[in-house]
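The values are calculated or read from the model by the stated rules, or taken from the named source; none is laboratory data. Just so we're clear, the structure is a prediction, and the values are computed from it rather than from any experiment. So basically every Cβ, Gly included, is an ideal-geometry build from the backbone, and we count neighbours across all protein chains shown. The accessibility values were calculated without ligands, DNA or RNA, using every heavy atom of the protein model including side chains. Shrake-Rupley method; radii C 1.70, N 1.55, O 1.52, S 1.80 Å.
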Amino acid sequence: TAAAPGGSPGVNPKTSGLPMTTPGAPGAVRPRVVIVGTGWASFRVLADIDTKKNDVTVISPRNHLLFTPMLASSALGTVNQRSICQPVRPLTAKKNATYYESSVVGVDKEKQLVTCKTLGGQEYNLPYDKLVVGIGFQPNDFNIPGVKENALFMKETADATRFKDHVLEKLEEAAYCHALDNDLTLSDEEKWKIQELLTFIVVGGGPTGVELAGELTDFLYNEVANLYKNLKPYIRVHMFTYDLLNTFDEKLQDYAITHLRKKQNVQVHLGAFVQKVEPNVVHVKLGESA
């Protein structure tokens, strides 16, 4: 926002309600800088900004910076989840800034207000003179029916926790499902049920998908194989993707495909398009067939 004559840079006295003051003068008013988000860009701005010259407020529903490349590893215990998170409050305290654990649901550029919503659903407004938006992206379901309702995502720490809980839940269910009929003998139908419970599908061959498939098979074929010895023959991991690591060099792509198939025992299906997701069923188109 352009400063009025005699006003502080970035402050509009007409909309802010602040007195016009010369920067550096006794009692000078600091421009109110609102940073939305706690991702890489927002954290860098917060770390670099001079809070002696700016009144800084950070708004985000996520109270930490997440090192996303290690998220898949944290999902299955390879790294501790705390080691890939940097809390925002120590930095805001050090910088003498303010943090609100809320989402921004609206921006009024005329009145220079952001509308915030708490995790409990309460709304409030905060004024700003300069607004920094660094909110990143949400997972893209490409409008495929059933994805939001039936699939697990890998974007936030809560997603990693939910994924691990889901895997452990399926393992325990597979361990006892044959006993539910009060007969410990495994029937063909029960074997099919166990294999269904222990079939895991990763959709997408980008860095996150490849990392997750590798971490998952490491966990299943090592730790799980030792703890649930009778379940190992039923474990299946599939990856459905059109291509794999398409932003990387072709040699690296070929190496990753070979490694996943031969070393990690992942059944990689290339040229695949997910058409619909139902509870416990994924509808996939492979080339000309569905």
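Per residue of the chain, the DSSP helices (runs of n ≥ 4 H) give a summed -39500 (n - 2.57) that works out to -7500 deg cm²/dmol at 222 nm. Using a cut-off of 14 Å between beta-carbons, work out the net charge of the residues near residue 95 (Lys and Arg +1, Asp and Glu -1, residue 95 not included). Around residue 95, the charge tally is +3. Amide H contacts of residue 133 (H built 1.01 Å from N, in plane; Pro and chain starts excluded): 36 sit under 5 Å, all sequence-distant by 5 or more or on other chains.
Taking 89, 30, 261 and ordering them by how much accessible surface each has at a 1.4 Å probe, largest first, produces 89, 261, 30.
Find the accessible area per residue for the range 66-154; the probe is 1.4 Å, ligands and nucleic acids are left out, and the unit is Å².
Numbers: 5670 Å² over 89 residues.
Spelled out: the 1.4 Å probe surface of the range 66-154, per residue, equals 64 Å².
Give me the percent of accessible area attributable to carbon and sulfur for the range 166-290, probe 1.4 angstrom.
Working: 3910 of 7610 Å².
The value for the range 166-290 is 51 percent carbon and sulfur by accessible area.
The H on the amide N of residue 79, modeled in the peptide plane, is under 5 Å from the matching H of 74, each at least 5 residues off or on a different chain. If both residues of a DSSP beta bridge must be in the range 166-290, then about 45% of such bridges are antiparallel.
Semi-axes of the equivalent ellipsoid of the range 84-148 are 26, 19, 12 Å, computed as sqrt(5λ) over the eigenvalues of the C-alpha gyration tensor in descending order. Along each principal axis, taking the top coordinate minus the bottom one, the Cα set of the range 86-199 gives 71, 36, 23 Å in descending order. Given 5 Å bins starting at zero, what is the percent of C-alpha pairs of the chain in each, up to the one with the largest pair distance? The percentages, shortest bin first, are 1, 5, 9, 11, 13, 12, 10, 8, 8, 7, 5, 4, 3, 2, 1, 0, 0, 0. Using Cα atoms only, what is the angle between the long axis of helix 188-197 and the major principal axis of the chain, expressed in degrees (0 to 90) to the nearest 10? Roughly 20 degrees, rounded to the nearest 10.
Compute the accessible area per residue over the range 163-235, keeping the other protein chains in place, probe 1.4 Å, unit Å². Numbers along the way, then the final one.
Values: 4100 Å² over 73 residues.
Heavy-atom accessible area per residue stands at 56 Å².
Compute the longest continuous run of the chain that contains no exposed GluC sites (Glu not before Pro); treat a site as exposed when its DSSP state is not H, G, I, E or B and it has at most 10 other Cβ atoms within 10 Å. If you can, show how the numbers build up before the last one.
Details: sites that count: 110, 288.
Here the longest run is 111-287.
Of the DSSP beta bridges with both residues in the chain, give the percent that are antiparallel, rounding to the nearest 5. Before the final figure, lay out each step's value.
Details: 21 of 41 bridges.
The answer is about 50 percent antiparallel.
In units of the compact-protein estimate 2.2 N^0.38 Å, the range 178-290 shows a Cα radius of gyration of 1.21.
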